[in-house]
Amino acid sequence: MQTLDLYTASGARCTVMPLGATVVSWCPAGGKEQLFMSRLSGQSGLPVRGGIPVVFPQFAEMGHLPKHGLVRDVVWELVTCSQGEQISSLLLRTQASEASLALWPFAYTLHLHIELYEQTLRMTLEVTNSGTQAFQFQAALHTYFQLQQGVPVTVHGLDQAGYIDKLQQIRMPATGKTQLSVNQWMDRIYLDTATPLQLTQAEHAVQMGYLGFSDVVLWTPWQQGVTAIPDIADDEGCRMLCIEPACIAQPPLLPAGGVWRGSMVVCAGPAAR
Ligand SMILES: O=P(O)(O)OC[C@H]1O[C@@H](O)[C@H](O)[C@@H](O)[C@@H]1O
C-alpha cells in the first residue's frame, strides 16, 4: 500500500496512507510510536484498523450510509507536501464522486492538512460545500492511541461533559470526576466537551486540543468487546483507546459555498505532576 512519510530534523516522523488519508504512524522526536495499528489490520472489510481514519459525513451507523461514512476507503489526492527542518506537512484532498453522489446527493470537497512538529501532530479537516444545496454532516478524527500493556490508563478533561453510553443506550450526566479510569469496554459519545484532554499512562501523557469539533468519542473494546472484532487480535483489545474529536450530536449545517474547519493537536511528553 502506498504511504507518504513526513520527518523533522529533530527526528519526529509520521506516515500517511492516501487510502482514507489515514495517518498510520506517529512518533514524536525521541519518542515511541503513539498510534495503535492492529497486527490483523487489513484482514476484514476495512482498509486499516488503527491510525487516524477520517469519518465523514456520517458517524458510525447513525444514518443510511456505510458505517463512518464515505471517505475512509477512498484514495485521497496529494495536493502538496513540504519537508522542513522543524515542520513538515501534507495536504490531501477528496471530493464527491459518482459513487458518493449515488449514496449521498451532495457535492463536497474535503481537505486534510497534516502538520508534523517536534512533539506535536496537528490535523485540520476542511469541509467545503461545493454544490448548490446546504447539507448537514457528522465528522470525526478517529484517533487510535496505543496503550502500554498492563499500565493504568486515565483520561482527564471529560468531567464536565454528559455522554451517551452506546453500550447501554442511555444518556448519562457529567460525572464531575476529574480523572476517568479506562479499564473496561467503553463506547461513549461525550457531548459539548471542553479542551484540552489528557491521556496518561504512568509517566507518559498525550495532550489533545481541538477546535471546531463539539463532541469526543471514547472507544475501546477491552477484553470483553474485542472478540466480536475480526481485525483486532484478542490480546490487543486493551492496547488501544480511541479518543476522537467529533461533530455528532449537532451536525454542522453548511450552506452552498460554505467552509467548515475542525482541527486537532496532539502532543506527546511526560505526564504533568
Ligand atoms: O469498526 P469500525 O467501523 O471502524 O468502528 C469502530 C468503532 O468506532 C467508534 O467510533 C464507535 O463509537 C464504535 O461504536 C465503533 O465500534
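Of the numbered conditions (1) over 24 Å from Ala194 (Cβ atoms); (2) buried (at least 18 other Cβ atoms within 10 Å of the Cβ); (3) in contact with a Leu (Cβ under 6 Å, 6 or more places away or on another chain), Gly157 satisfies every one except a single condition; which is it?
Tallying (1) over 24 Å from Ala194 (Cβ atoms); (2) buried (at least 18 other Cβ atoms within 10 Å of the Cβ); (3) in contact with a Leu (Cβ under 6 Å, 6 or more places away or on another chain), Gly157 fails exactly one: (1).
Among the residues of the stretch 38-62, which ones are touching a residue at least 40 places away in the same chain (Cβ under 8 Å), open to solvent by 20 Å² or more (accessible area, probe 1.4 Å) and either within 21 Å of Ala249 (Cβ to Cβ) or not in a loop (DSSP other than H, G, I, E, B) (or both)?
Passing the criteria: only Met62.
From (1) crowded, with 17+ Cβ neighbours inside 10 Å; (2) within 15 Å of the ligand (Cβ to nearest atom); (3) in a loop (DSSP other than H, G, I, E, B), pick out the condition that doesn't hold for Ile164.
(3)
Which is more than 16 Å from the ligand (Cβ to nearest atom), within 23 Å of Gly262 (Cα to Cα) and out of contact with any Cys (no Cβ under 6 Å at 6 or more places or on another chain), of Thr178, Thr132, Thr154?
Testing whether each residue is more than 16 Å from the ligand (Cβ to nearest atom), within 23 Å of Gly262 (Cα to Cα) and out of contact with any Cys (no Cβ under 6 Å at 6 or more places or on another chain) leaves just Thr132.
Which condition from (1) farther than 24 Å from Ile243 by Cβ; (2) surrounded by fewer than 16 Cβ atoms within 10 Å (Cβ to Cβ) is the one that Arg93 breaks?
Against the list (1) farther than 24 Å from Ile243 by Cβ; (2) surrounded by fewer than 16 Cβ atoms within 10 Å (Cβ to Cβ), Arg93 comes up short only on (2).
Out of the residues in the stretch 5-55 meeting the condition of being within 21 Å of Thr220 (Cβ to Cβ) and polar (S, T, N, Q), tell me which one is nearest to the ligand (Cβ to nearest atom).
This residue is Ser44.
Among the residues of the stretch 73-90, write down those that are closer than 15 Å to Met17 by Cβ and either touching a Lys or Arg at 6+ places or on another chain (Cβ under 8 Å) or open to solvent by 40 Å² or more (accessible area, probe 1.4 Å) (or both).
Scanning the stretch 73-90 gives Asp73, Val74, Val75, Trp76, Glu77, Leu78, Cys81.
List the residue pairs whose Cβ atoms are under 6 Å apart, where the first residue sits in the stretch 247-264 and is without any contact (Cβ under 8 Å) to a residue 24 or more places away in the chain, the second is exposed (fewer than 13 other Cβ atoms within 10 Å of the Cβ) and not charged (D, E, K, R), and the two are 6 or more positions apart or on different chains.
none
Which condition does Asp5 not pass, out of (1) surrounded by fewer than 18 Cβ atoms within 10 Å (Cβ to Cβ); (2) within 19 Å of the chain's Cα centre (by Cα); (3) part of a loop (DSSP other than H, G, I, E, B); (4) without any contact (Cβ under 8 Å) to a residue 60 or more places away in the chain, if it passes all the others?
Here Asp5 clears every test but (3).
Go over the candidates Val71, Val75 one by one and state the one that is more than 19 Å from Gly262 (Cα to Cα), among the aliphatic types (A, V, I, L, M) and touching a strand residue (DSSP E or B) at 6+ places or on another chain (Cβ under 7 Å).
Val75
Just checking, does the stretch 56-63 include any residue being under 18 Å from the mean Cα position of the chain (by Cα), under 22 Å from Glu98 (Cβ atoms) and within 14 Å of the ligand (Cβ to nearest atom)?
yes
Of all residues in the stretch 202-238, how many are of a type in the set (D, E, K, R), closer than 16 Å to Val48 by Cα and more than 11 Å from the ligand (Cβ to nearest atom)?
Final tally of qualifying residues: 1.
Need pairs with beta-carbon distance below 8 Å; first residue open to solvent by 10 Å² or more (accessible area, probe 1.4 Å) and within the stretch 230-243, second within 12 Å of the ligand (Cβ to nearest atom) and at pLDDT below 95; sequence gap 6+ or separate chains.
Pro230/Ser44
The values are calculated or read from the model by the stated rules, or taken from the named source; none is laboratory data. These numbers come from a predicted model, not from an experiment. Please note: Cβ atoms are built from the backbone with ideal geometry, for glycine as well, and neighbour counts cover all protein chains shown. Note: areas computed on protein heavy atoms with side chains; ligands, DNA, RNA excluded. Shrake-Rupley method; radii C 1.70, N 1.55, O 1.52, S 1.80 Å.
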